Structures are given as C-alpha cells and as structure tokens.
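To start, the structure itself, in structure tokens.
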Amino acid sequence: MAGDLKRWSRVDQELFNVRATLSQPLARRMRPGLFADFQGQEHVRLQISRFSELLEEGRLFSFIIFGPPGSGKSAFAFLVANISGARFVSLNAVTSSVAEVKTCIKAASEAAAFHEQRTVLFIDEIHRFNKLQQDALLPAVEDGIVHLIGVTTHNPSFSVNPALRSRCHIIEFKQLSGEAISAILDRTLQDKENGLGRYGYSLSREARERIVRAAAGDARKALNLLELAASPGTGNREISGERVEACTGAVAVSYDRDGDGHYDVTSAFIKSIRGSDPDATLHYLARMVEGGEDPRFIARRIMIAASEEVGLADSGALSVAVSAAQAVERIGMPEGALILSHAALRVCLSPKSNSACMAIAAARQDVRENGPLPVPDHLKDSNYRDAKELGRGIGYKYPHDYPGHYVEQDYLSDSRTYYVPCETGNEQQLVAAHSLRKGGI
C-alpha cells in the first residue's frame, strides 16, 4: 500500500502542483488559480463565493457539476483542490473500472490515516459510470474518505444514481456569456507567466467579436482560437479580424443527440411553434439539422405539433406535416431541410387550437378513473344472426335520412363533455356549422 500511496502522491504532484509550462495548451495554462479570476456563472456566484469561504476555512464538500463544454467545470474542480490543499486524484469515467475506483479509495484512506491528507477525487464524464461503479463510490463519499467532484455535460437527474446525488451538492453551469469570454481573453493577453502577456499581443475589436462569436460560450474554444491566431512569425502584434477568420473555419454546433441538448432544443422548438414565433422555430430547427439530428425525428415532432398545437384551427397543417415527413423519407438530406422548414413554418404560422389535444386527454382520464360506459343497445353491431333478438341496433336513427344529415339521439349511456371548442381559425367555422345542424337547418 505504501507503494500505491507514493505512486498516487507522484501523480498528484504531476497533475496539479507543478506550475504550468509553455508546452501545455493555452487553455490548460490559463485555468484560474483564484476564485477572483473565475469568470461567468453569475447565477451561482453567491453559492460559489460561499463555498470558497468555507474551503479557505478547511471545509471540503462533494460536488456534481453539469453544464456545456468550456463553461468552467474542470476549472472549478481544480480551484477547489488548490484552495483546500488536498490530494488531487483524477479519473476519467470512460476508461476507469470499478477496480481503479476502489484503488483510489484505498489510497485515500491510507493518506488520511498515515499522513492526515484529504483527497479530492475528480471524475470527468461521471455520467459514463454505470450503477455498479457509482455504487462503489457511495461509502467513501458518505464517510468523507474522498471528496468527489464529478463533472458532466449531462443532467445528473437522469444520469447519476439518486443515492450518489443526495450525497453531493449539485451545481449547474451555464454557457458562458460573451462578456465572460471577453474577460477571459483580456486576462490571457495580460498574464505574463502563463498567458500571452510576455509577447505584447492585442486584439482588434473585430478580432475580439469574431472569437467571442465563434466560441459560442466555450472558454476552451475561445482560448484555442486565440492561441492559433497568436502564432509567432506574423510581425504585427495586433491580432486582426481577418487573421481570426482565417483560423476559425466553420463553427461547430453544440448538440448532444443523446443528452440534454436533444431534449432542451426539441422542447424549445415545439414551444416556439406553439408561440407562433417563426424566427425562433427556424433557429432551433437549424440547430437540430446542423447538429445531425435524425430528420425523421424532426418530421415526427412537426406532425405532432400540427395536431397538438394547431388542431382543428387549421387541419390543413397536419396534411402538410404528413406530406413533409413522406417527402423527407424519399429525398433525404440536405435537401430535406427545405421541406422541414416549409412544414415547420406552416405549423408555426397557423392559427392555434389545442381543443383536440385537451379533448382526448379528458376522455382518456375519464375512462381511466371511472371506467368505460356501456354501449347503448341501439349503437351495437347488428350484422349477425340473432342480433335483433338480443335488441342490438333497434331504434338506431340513420343521420343521412334526416334533414341536414343530423338527428338527435343518445350516443353515450351517460352524458359526458370532453370537447370544448376554441373557436379560432377554421374551428370557429366548424363549430358554427355544427350548431346549425343541431338546430335542424
């Protein structure tokens, strides 16, 4: 065990305590060493400030931090370890096994017992741990043998066991604002030890705007782009917009088809259609298309919206959505994006009614809670021998035999009201025509 402890101590030293060298990427070198240098996350700034005060008092906690790439999750973990002075052990959930987790815990226990050292166990991509791996952490986290900092791009509510979540503080990091990215760029340009301050580089206004736009809230991406644009040999120390543009290329769209990105963007897409906002609808549609979402999935969501959000106010919207789904199947991408746009805008711009959605929901709830009503005898099937002797179909009135093709009769054995018309768009005309028929005209 002593050998393991020495080995982990050496790894700690290499991973954390050695000063950053110029051979490391700029984004790695510029991880903040003080909470005062930590940018962004204003929505949890007070919470972070309180944690920093407690850490300086020697108190340690277990965290699970989730948020988009480049939002500062790993930087926060390194700050916690740095301020606390604890051993820092890093694992990647993609490559680590249960045996490695247990080895880390055993080494942490030895460090606490023989050297009075606390251990911060940093686990990247913790959502990749299966239930067995997560369960292996529980006793050590519960007893404070290790102080877990797990980071993930996935919502831990869906990817981390409830038992492990209950033992950790959950913090959500948001995509960094343009102001936060700009502040990180300034700190990097001024830092003479780990940043670019020793070289005298500056950014033109256009260059700064291009980097902030291309980074899309990802600090790592912004620093990687700055590092590339500031490569030596250019002579001029002011980095121009043209120079940044030459280094940028296409901006990659952040979209996780299996995670929160999928559900959040889809939700925003549907809500934008419901709210009749064509520009927002197109923005989220573009994000799904550029992110590689299955076009058949998008087409299905548009078809659902055509009935759920538009319904009887414009039944033609459903026809367009169904035709679009069939056309996308036959044509494929990228031309299919034109068809998806056509259908999404048609549904978005149509008058809205959720009466069909609410009506079937009310009917299903009634059937679940109160059971089915008996079918009246005059509505039952009478196309078989002995049907009349059983009273089937007797007294049924055929509506087409009456003026206006309508006649009053009981269709339910007990009265129910599920459908409440919205009377918008074409539904208003349908309801008016229905009322006329019931009036005998």
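The values are calculated or read from the model by the stated rules, or taken from the named source; none is laboratory data. Worth saying up front: this structure is predicted, and the values here are computed from it rather than measured. All Cβ positions, glycine included, derive from the backbone under ideal geometry; neighbour counts span all protein chains shown.
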*Matching residues in segment 347-368 - criterion: being under 18 Å from Pro421 (Cα atoms) and either part of a loop (DSSP other than H, G, I, E, B) or of a type in the set (D, E, K, R) (or both)*: Ser350, Pro351, Lys352, Ser353, Asn354, Arg364
*Are any of the residues in segment 174-182 of a type in the set (Lys, Arg) and touching a Lys or Arg at 6+ places or on another chain (Cβ under 7 Å)?*
no
*When you go through (1) in the same structural domain as Phe61 (by TED's automatic domain parsing); (2) at pLDDT 85 or above; (3) in contact with a Gly (Cβ under 9 Å, 6 or more places away or on another chain) one by one for Arg205, which number turns out not to apply?*
(1)
*With respect to Arg346, determine if the residue is among the charged types (D, E, K, R), within 30 Å of Asp294 (Cβ to Cβ) and surrounded by 15 or more Cβ atoms within 10 Å (Cβ to Cβ).*
yes
*Kindly list the number of the only condition in (1) farther than 20 Å from Ile181 by Cα; (2) without any contact (Cβ under 8 Å) to a residue 12 or more places away in the chain that fails for Arg28.*
(1)
*If you go through segment 339-359 one residue at a time, how many are of a type outside the set (Ser, Thr, Tyr) and more than 25 Å from the chain's Cα centre (by Cα)?*
11
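Looking at segment 120-136, can you tell me whether even one residue there is in the same structural domain as Phe76 (by TED's automatic domain parsing), free of Cβ contacts under 8 Å to residues at least 24 places away in the same chain, more than 27 Å from the chain's Cα centre (by Cα) and in a helix (DSSP H, G or I)?
No, the conditions are met nowhere in segment 120-136.
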_Take the residues in segment 320-338 that are within 26 Å of the chain's Cα centre (by Cα) and of a type in the set (A, V, I, L, M, F, W, C); name whichever of them is nearest to Tyr418 (Cα to Cα)._
Ala321
*Could you please let me know if Val407 is surrounded by 13 or more Cβ atoms within 10 Å (Cβ to Cβ), free of Cβ contacts under 8 Å to residues at least 24 places away in the same chain and out of contact with any strand residue (DSSP E or B) (no Cβ under 7 Å at 6 or more places or on another chain)?*
yes
